[in-house]
Amino acid sequence: MTKRNIQIKIESGLEARPVALLVQEASKYESKIYIECEGKKVNAKSIMGMMSLGLDAGEELVVSADGTDEQLAVDNIEKFLSGEVA
């Protein structure tokens with residue numbers, strides 16, 4: 001299992017469009033991927049779960065992945081949340 005603390009650097013935070021793109025990114029990987037924030041843990045491949053978090057720019061979250069491509073998944077989700085991928 002790979003876990004990493006990540007700060008959201010997307011200016012608009014995770015509103016509808018960025019959440020949809022994040023779910024698409026997470027869905028590219030075979031690994032199980034979860035996002036944790038303030039005691040809530042949701043499947044990163046679930047658009048409804050991700051929307052329920054209501055994350056804003058600057059917030060810290062934990063991304064965890066478990067599977068054959070877990071390192072790549074966490075690396076690329078970190079790039080997305082850092083605003084490096086649009």
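No value in this document is a laboratory result; all are computed from the given coordinates. For clarity, every value in this text was computed on a predicted model and none was experimentally measured. For neighbour counting, all protein chains shown are included, and Cβ atoms are generated from backbone atoms with ideal geometry for every residue, glycine included.
Averaging Cα coordinates gives a centre for segment 38-64 and one for segment 12-36; these two points are 9 Å apart. Based on DSSP H segments of at least four residues, each scored -39500 (n - 2.57), the chain has a per-residue ellipticity at 222 nm of -10000 deg cm²/dmol. Of the two radii for segment 2-81, the radius of gyration is 0.91 times the Kirkwood radius, both from the alpha carbons; that is the Rg over Rh value.
Couplings 3J(HN,Hα) for segment 55-61, derived from phi with the Karplus relation 6.51 cos²θ - 1.76 cosθ + 1.60 (θ = phi - 60°), are 7, 10, 4, x, 6, 9, 9 Hz, where x marks Gly and Pro.
Normalising the average separation of contacting C-alpha pairs (under 8 angstrom, six or more residues apart) by the number of residues puts the relative contact order of the chain at 46 percent. Computed from backbone phi with θ = phi - 60° and the Karplus coefficients 6.51, -1.76 and 1.60, the 3J(HN,Hα) list for segment 19-35 is 5, 4, 5, 5, 4, 4, 4, 4, 6, 6, 10, 6, 4, 7, 10, 10, 10 Hz; x is used for glycine and proline. Residue ranges 45-54, 29-38 sort as 29-38, 45-54 when ordered by packing (mean number of other C-beta atoms within 10 Å per residue, highest first).
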